[in-house]
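A.B. asks: I am attaching a structure below and will ask some questions about it afterwards.
Nothing in this text is a laboratory measurement; each read-out follows from the coordinates by a stated rule. Since the structure is predicted, the reported quantities are computational estimates derived from the model, not experimental observations. No Cβ is skipped: glycine too gets one built from the backbone with ideal geometry, and neighbour counts run over all protein chains shown.
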Amino acid sequence: MLTLVVVGGRPDHETLALEMRVLIATTGSDGDIRPFFPLAKELMARCHEVLFAAPDHYAVSVAEQGLAFRKIGPPWIAKDMERVFERVLTAPNPLAGLPIIMEIVAEQGRPAVPELLEMASQADVVIHPPLLVAAAAAARAKDVPQVSVQFAPVYRGRGYAPNGANFGPFLNGLAWSLAYWLLRRTTDARLNTVVEAAGLAPWKNVFISAASPLLDLIAVSPHVFARDPAWPMSAHVTGYFFNDEAGRVGDAGLEAFVGAERPVVIGFGSMLGFDPHATTRTILEAAAGLRSKVVVQAGWAGLGASDPPPNVFFSKFIPHGWLFSRAACVVHHGGAGTTAAAFRAGVPQAVVWHLGDQPGWGKKACTLGVSPGFVSYKKLTATWLRSQIERMCDDARMRDAARSLGEAIRQENGVGTAATLIERTVGRGRPPPEFSRRDTALGDAVR
């Protein structure tokens, strides 16, 4: 139950707060999990009670953030996930890989439904990404306010097409209609098994319908993705959710290697299913012709070599906030979170995309003038990689554009904006019974 806290007498906009029991439920890779950490901590700092629900292999990471944790879904088996990535990446095109992804989402979502139903019944608000359909279904089954968080907007837009290009409002609309039709064909039958597990009737266009009609937070900088007029009124661009870990390095060898010089940083994050040995050889071949130091993050695939050349250092996970801010440029897989971290660091970036929305983020970086190009991992060569790095290091206009964008993003407070929107919207939707909507002043529309 929501608890009303009044400070200093009569409640008003400044003194009224609602202590909420918040359930944050998420799943996926690091990029789907870690951005929720700073939101959870921001809500806790505002005296709300937060329970963080995620797959079991994130228990340690969640505990390190000082958050209460509950496991959801089946056990995480790394080899199984690697095989899934291999099937997706070897599909002839991205559309062919989508059914594989959605089947896994459904297989992991169905067992999580009973757990999420129980947790949702004890919560005042459920916060989740649309990908976790089980959380959306549990919230609606228990009639609990639902807040969705998107790290890459999936709504149809007038100003952009599904691939990130802009063909004009009419052709953009046609492209989106086709994309939604294909999405429904690919996802509805699979994802509705999750919806029905929560005791609900099937939904149409499940992946889109899982977004909250009450409040959908688009956790992207408005300098990167402005709100499109075609989006629903529930959608709000908040700014990115950054988990500041600038002081966490834990690798004296890396600190000594970086020193005062700005290295090139290369890493493909949580991508699996490609040949790490062949990719490592490609990186080392490109690095052999560079003047710069190169830091390669191993990632989930395990990039690395036992005898790297003097200008190359292989590292495990290092917080992007520390490493990217010291980089000359970054080459990465195009995940939404990694792209955002490079934007904020104010350095040029090039994308070697693998799946999903990654080519879209590569295109967006080029459009913003902070990237020389992007390519599929299947077409990655040492020649391409070296040329992209040299251009990023030498192009003063690109470096200036990246620096200006980084400065603008660092002025934003995405989690603060998001937390305020959650408080106002959930407060508006479920006012405490002892005060009217007029008295609490929490019924104001969120702009």
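A.B. asks: So what's the back-of-envelope 222 nm ellipticity for the chain, counting only DSSP H runs of four-plus at -39500 (n - 2.57) apiece and dividing by all residues, rounded to 500?
C.D. replies: That calculation yields -13000 deg cm²/dmol at 222 nm.
A.B. asks: Would you kindly derive the ³J(HN,Hα) couplings of segment 399-404 from the backbone phi angles with the Karplus curve 6.51 cos²θ - 1.76 cosθ + 1.60 (θ = phi - 60°), listing them in order in whole Hz, with x for Gly and Pro?
C.D. replies: Result, ordered by residue: 5, 5, 5, 5, 5, 5 Hz.
A.B. asks: Show me the ranking of peptides 278-284, 226-232, 345-351 by mean Cβ neighbours inside 10 Å, starting with the highest. Can you show the working numbers first?
C.D. replies: On the way: 278-284: 17.9, 226-232: 13.9, 345-351: 26.9.
Top to bottom by mean Cβ count within 10 Å: 345-351, 278-284, 226-232.
A.B. asks: Can I ask one more? In the set (i) 32, 27, 23; (ii) 37, 25, 22; (iii) 44, 25, 21, which value of semi-axes √(5λ) of the Cα gyration tensor in Å was calculated from the structure you see?
C.D. replies: (ii)
A.B. asks: Quick one: which residues, 5+ away or cross-chain, put their amide H under 5 Å from the amide H of Trp353? H built at 1.01 Å from N.
C.D. replies: Val375, Ser376, Tyr377
A.B. asks: If amide H atoms are built 1.01 Å from N in the plane of the peptide, which residues on other chains or at least 5 residues away come under 5 Å of the amide H of Ile72?
C.D. replies: Here Ala54, Asp56 satisfy the definition.
A.B. asks: Per the Kirkwood definition applied to all pairs of different Cα atoms, how many angstroms is the hydrodynamic radius of segment 252-410?
C.D. replies: Details: mean 1/r = 0.0657 Å⁻¹.
Across segment 252-410, the inverse of the average 1/r is 15.2 Å.
A.B. asks: What residue among Val312, Val194, Val415 shows peak mean-square fluctuation when the chain is described by a Gaussian network model with Cα springs under 10 Å?
C.D. replies: Val312
A.B. asks: Suppose every Lys and Arg Cβ carries +1 and every Asp and Glu Cβ carries -1, with no other charges. What dipole size does segment 252-410 come out with about its Cα centre, to the nearest 20 debye?
C.D. replies: In debye, rounded to 20, segment 252-410 gives about 260.
A.B. asks: For Cys47, Cys329, which order do you get if you count the other beta carbons within 10 Å of each Cβ and list the fewest first?
C.D. replies: Values: Cys47 12, Cys329 30.
Ascending Cβ contact count within 10 Å gives the list Cys47, Cys329.
A.B. asks: Percent relative contact order of segment 252-410, based on C-alpha pairs within less than 8 angstrom and at least six residues apart?
C.D. replies: Reported relative contact order: 22 percent.
A.B. asks: Could you give the dipole magnitude of the chain about its Cα centre, charging the beta-carbon of Lys and Arg +1 and that of Asp and Glu -1, in debye to the nearest 20?
C.D. replies: The dipole of the chain has a size of about 960 debye.
A.B. asks: For Phe313, which sequence-distant residues (separation of 5 or more, or a different chain) have an amide H within less than 5 Å of its own amide H, given hydrogens modelled in the peptide plane?
C.D. replies: Correct list: Val294, Val295, Val296.
A.B. asks: May I pose another question? Of Leu39, Cys366, Thr420, which is farthest towards the positive pole of the chain's charge dipole, taken about the Cα centre with +1 and -1 on the beta-carbons of Lys, Arg and Asp, Glu respectively?
C.D. replies: Result: Cys366, furthest along the dipole toward the positive end.
A.B. asks: With the cut-off at 29 Å, tell me which of the pairs Lys71/Lys363; Lys142/Lys204; Lys71/Lys378; Lys293/Lys363; Lys316/Lys379 have Cα atoms farther apart than that.
C.D. replies: Lys71/Lys363; Lys71/Lys378
A.B. asks: Then there is this: Rank by packing, highest mean first: peptides 162-169, 304-311, with packing defined as the count of other Cβ atoms within 10 Å averaged across residues.
C.D. replies: Top of the packing list down: 162-169, 304-311.
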